[in-house]
Amino acid sequence: MAEAVRGAEHRVLLDDYEVGELAVAFDDKPAEEILAWAVERFGDRLAVCSSLQAESLVLFDMAWRIDPRVRIFTVDTGRMPEETYELIDRVRAKYGVEVEVEFPDASELARMTGRHGINLFYQSVAKRLLCCEVRKVEPLKRKLAQLDAWVTGLRREHWPTRSNIRKIDVDHDHDGIVKLNPLADWIHEDVWAYIHAHDVPYNRLYDQGYTSISCACCTRPTTAGEDPRAGRWWWEQGAPKECGMHCSIETGGFEHELEVLLDDVVRGRAG
């Protein structure tokens with residue numbers, strides 16, 4: 001176990017060896033057991049990260065049943081569908097909690113859109129990734145700097161970049177805090193069986209054929225036979241179906257890919 005100091009705040013972080021042992025021990029354990037351990041270990045320094053998609057709301061429902069004081073946060077990119085904003089209010093009403101909302105830095109956003117336009121993400125993969133960086137990744141970093149552990153709804157069947165995720169890991173991209181993926185071994189049917197069994201609020205866009213939901217401008221419904229993430233950035237060819245919030249943590253490879261793709265535009269953020 002490693003001790004760390006951030007400013008005047010003293011924290012206890014878990015090292016790679018300890019987390020490796022925990023990952024092995026919890027790999028075949030149910031999600032509820034992992035969440036119960038995390039709630040006890042981290043208390044209010046733990047939060048569920050939710051993009052208001054099905055998986056993260058399943059996890060929040062589980063965690064809330066363990067401790068109604070558990071925290072949930074989301075990143076509002078400023079381009080979310082109305083159905084997502086409406087869902088935030090339904091979650092607040094059902095569980096009686098505050099949904100903590102993080103926003104992009106206004107000055108960063110102004111520089112980016114002033115230089116590249118409001119809809120820069122349609123121009124190139126690099127500019128789409130820049131938009132994701134400003135609207136999603138940077139707000140996430142600011143939030144995680146306040147936590148010791150975070151919970152995500154990542155599943156191994158989502159996408160190839162997520163196929164090897166562990167249920168408990170060290171998040172080296174965010175000061176070595178603990179990252180928990182309790183649904184790593186769940187399949188699509190498990191998620192929706194839990195939602196229907198426990199009356200978990202979900203985004204109404206799922207009923208309209210959406211299978212992965214993010215910004216309104218970057219998400220469309222999918223058709224039968226399409227990959228569930230095919231509706232994300234559908235105009236791109238051969239590009240990763242990732243925004244950078246998670247992928248570099250699991251693989252390390254996307255971090256380099258992101259750096260290369262952004263090389264021709266990232267300097268514009270300071271312009």
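The values are calculated or read from the model by the stated rules, or taken from the named source; none is laboratory data. Predicted, not measured: the structure shown is a model, and the values here were computed from it. Cβ atoms come from the backbone with ideal geometry, glycine included; neighbour counts cover every protein chain shown.
For the stretch 124-135, a residue qualifies if it is farther than 13 Å from Glu108 by Cβ and out of contact with any helix residue (DSSP H, G or I) (no Cβ under 7 Å at 6 or more places or on another chain), and exactly one does: Ser124.
Collect the residues in the stretch 123-172 that are polar (S, T, N, Q) and modelled with pLDDT of 90 or more, keeping them in residue-number order. Correct list: Gln123, Ser124, Gln146, Thr152. Taking the stretch 1-91 as the region of interest, the helices (runs of 4 or more DSSP H) fully inside it that hold 3 or more residues being out of contact with any Gly (no Cβ under 8 Å at 6 or more places or on another chain), surrounded by fewer than 20 Cβ atoms within 10 Å (Cβ to Cβ) and modelled with pLDDT under 95 are 16-26.
Table: residues versus (1) within 12 Å of Glu55 (Cβ to Cβ); (2) under 17 Å from the mean Cα position of the chain (by Cα).
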position: Val170; (1), (2): no, yes
position: His174; (1), (2): no, yes
position: Ile187; (1), (2): yes, no
position: Trp192; (1), (2): yes, no
position: Asp199; (1), (2): no, no
position: Tyr206; (1), (2): yes, no
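Being buried (at least 18 other Cβ atoms within 10 Å of the Cβ), under 19 Å from Gln53 (Cα atoms) and touching a strand residue (DSSP E or B) at 6+ places or on another chain (Cβ under 7 Å) holds for only one residue in Leu154, Leu147, Leu140, Leu183, and it is Leu140. Screening Cys217 with (1) in a helix (DSSP H, G or I); (2) more than 19 Å from Leu120 (Cβ to Cβ); (3) in contact (Cβ under 8 Å) with a residue 12 or more places away in the chain gives one miss only, at (2).
If the condition is being free of Cβ contacts under 8 Å to residues at least 60 places away in the same chain and either under 22 Å from Val75 (Cα atoms) or polar (S, T, N, Q) (or both), then the stretch 181-214 contributes Asn181, Ala184, Gln208, Tyr210, Thr211.
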